[in-house]
1. Say R0 is 22 Å: what FRET efficiency, to the nearest 0.05, do SER116 and LYS159 get from their beta-carbon distance?
2. If r is the Cβ-Cβ distance from SER26 to VAL63 and R0 is 41 Å, what FRET efficiency results, to the nearest 0.05?
3. Report the local net charge at VAL67: Lys and Arg +1, Asp and Glu -1, summed over other residues whose C-beta lies under 11 Å from its C-beta.
4. Would you please give the residues with an amide H less than 5 Å from that of ALA32, counting only those at least 5 places away or on a separate chain, with H modeled from the backbone geometry?
5. In what sequence, highest mean first, do 74-80, 159-165 appear when ranked by Cβ atoms within 10 angstrom?
6. Only helices at least 30 Å long along their axis, Cα-based, and averaging 0.5 or more on Kyte-Doolittle count here, so list those DSSP H runs from the chain.
7. To the nearest 0.05, what FRET efficiency results for HIS100 and ASN13 with a Förster distance of 35 Å applied to their C-beta separation?
8. Where in region 84-174 are there GluC sites (Glu not before Pro) that are in a DSSP coil and have at most 13 other Cβ atoms within 10 angstrom of their Cβ?
Amino acid sequence: MPSLTIESNISSNKDGEHFIRGKSLSSLVKRATVADMIMLLWRGKLPTKDQRALLDTILVAMVEHGVESPSTFVPRISASTGNAMNAALATSALVVGTKHGGAIEAAAHLLSQKESAAEIVTEYLAQKKILPGYGHRIYKEEDPRATLIFKRAKQLKFKCTYFKKAYNMQGELKKQKGIQLPLNIDGAAAAAMLELGIDPAYGMALFIIPRMIGAAAHIVEEQQTQKGYRRLK
């Protein structure tokens, strides 16, 4: 049977050394952080100190949001039935969708449009379409996580072009429709990833990766404390 050959610009091996985007793994192990590796793999080059700090802010903001979150309680239920870590973690990723953690890519594409905030909102309202990155079941006036990401971007002296457009769209929703739909963490993450030069295609991964960290903690707690499987009463 012929062997499978996959050509990739991401990684390679030369003289017994493994390289990632042209950087030797041995050198990266000595100094790179997880945020560094995300930027190197996704964007093709290592980040500046400020870029790393902003990415870390996004990751921390998304890592955990309570047991009520679908990407947290679903893996706990899965773990309670006796599933192993990998199976339970998979359920956490599988529940991510357009209504939970999966709007980042769409929001990033929206913010990348050349049309003004007013024009975009007018178009979406006319077509009765939902604006990705706005509104939250808990936070009716302001998503504090979005606010913190924006503040961090300003502290780090980013231009915040996409953040400004995002908040202008929030204002246009209030002006044109009379409704308060706050920029949520998906919308803020979309603005931040554009500030960082990350392709919107990575939007869902940007949510799933940190949420896996929190889900793993919940899975272990479930496995160690829950004697039987959970079921609705």
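1. Step by step, r from the Cβ atoms, then E = 0.80.
2. 0.90
3. Details: positive: ARG76; negative: GLU64, GLU68, GLU221, GLU222.
After counting each charged neighbour, the total is -3.
4. It is none; the list stays empty.
5. Taking the mean over residues of other Cβ atoms within 10 Å, the ranking is 74-80, 159-165.
6. Details: long enough: 203-225 (34 Å, 0.65).
The qualifying helices are 203-225.
7. Computed FRET efficiency for HIS100 and ASN13: 0.35.
8. On the way: sites: GLU105, GLU115, GLU119, GLU123, GLU141, GLU142, GLU172; in loops: GLU115, GLU141, GLU142.
Answer by residue number: GLU115, GLU141.
Every read-out reported here was derived from the displayed coordinates using simple, explicitly stated rules and does not represent laboratory data. Just so you know, these numbers come straight off a predicted model, no measurement behind them. Neighbour counts are summed over all protein chains in view; Cβ atoms, including those assigned to glycine, are modelled from backbone coordinates with ideal geometry.
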